[in-house]
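The values are calculated or read from the model by the stated rules, or taken from the named source; none is laboratory data. These numbers were taken from a predicted model, which means no experiment stands behind them. With ideal geometry, Cβ positions are generated from the backbone for all residues, glycine too; neighbour counts draw on all protein chains shown. Accessible surface is based on the protein model in full, side chains and every heavy atom, while ligands, DNA and RNA are left aside. Shrake-Rupley method; radii C 1.70, N 1.55, O 1.52, S 1.80 Å.
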Amino acid sequence: MDIDLARTWVQAIAVAVGQNKDHLTQLDSAIGDADHGTNLDRGFTAAAAAVTDLTADTVGAVLVKTGTTLISSIGGASGPLYGGAFRALGKQLDVPAADSDAFAAALAAALESIQKLGTASPGDKTMIDAFAPAVAAFEERSRQGGDFAAAAAAAADAAEEGMRATTPLQARKGRASYLGARSVGHQDPGATSTALIFRALADVAAAT
Ligand code: ADP
Ligand code: MG
């Protein structure tokens, strides 16, 4: 990933979130407070604008700026969680270009940030259920010698599988946990947006 690809990724996430805003909000209306689509649309629209205007010498500068903008523009739980994740990702990438192994290590730091802040574990029906398998798949494909685009495609597939697997789970973290057993049978909104974020990465990586 170079500086241009980092910027293009954030812009592609903003487009994908905009296109899926109503879907994300519908999912959050079933087991939350119906704001996940508007939260992320506001946050990533602001982040895309911020990185488009940014003069950056490193991949990390683009990603840290993204994280800081998400934290300051999203009111819900997902703002600090995604914002912290992008900041952690960026802090590991203080270079003009990162190969897939370096990016895999940075993704692990992003996942750790989400887990530290939200104290959720895999299976709690959160964004972690898409994020953790995506990071594992990216790492594995990269270790097997896959290039960045191949690793990103594997991560996106794994995130989507993890997203779908949240449906039968009972939520144990966040607002959805207040519903107890009634949270079963609904796909988690945050796992769904995480899948969009990794699919956007795969798409922009494939186009370079
Ligand atoms: P809020 O719940 O404050 O309305 P959002 O609707 O923007 O915030 O985001 C909800 C999503 O955030 C959930 O679907 C879930 O994936 C994720 N989430 C909530 N709490 C946590 C947590 N403690 N750890 C990880 N992810 C969480
Ligand atoms: Mg919500």
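Annotations for the structure displayed:
- Among residues of the stretch 40-81, those that are hydroxyl-bearing (Ser, Thr, Tyr), within 16 Å of ligand 2 (Cβ to nearest atom) and crowded, with 22+ Cβ neighbours inside 10 Å, counted: 1
- Close pairs from the stretch 168-180: first open to solvent by 80 Å² or more (accessible area, probe 1.4 Å), partner part of a loop (DSSP other than H, G, I, E, B) and within 8 Å of ligand 1 (Cβ to nearest atom), Cβ under 8 Å, at least 6 apart: GLN170/LYS125; ARG172/ALA120; ARG172/ASP124; ARG172/LYS125; ARG175/GLY32; ARG175/ASP33; ARG175/ALA77
- Pairs, first within 17 Å of ALA102 (Cα to Cα) in the stretch 143-166, second open to solvent by 30 Å² or more (accessible area, probe 1.4 Å) and of a type outside the set (Asp, Glu), C-beta under 6 Å, six or more apart: ALA149/ALA206; ALA150/ARG141; ALA151/ARG141; ALA154/ARG141
- Odd one out for GLY18 among (1) surrounded by 16 or more Cβ atoms within 10 Å (Cβ to Cβ); (2) small (Gly, Ala, Ser); (3) closer than 17 Å to LEU201 by Cα: (1)
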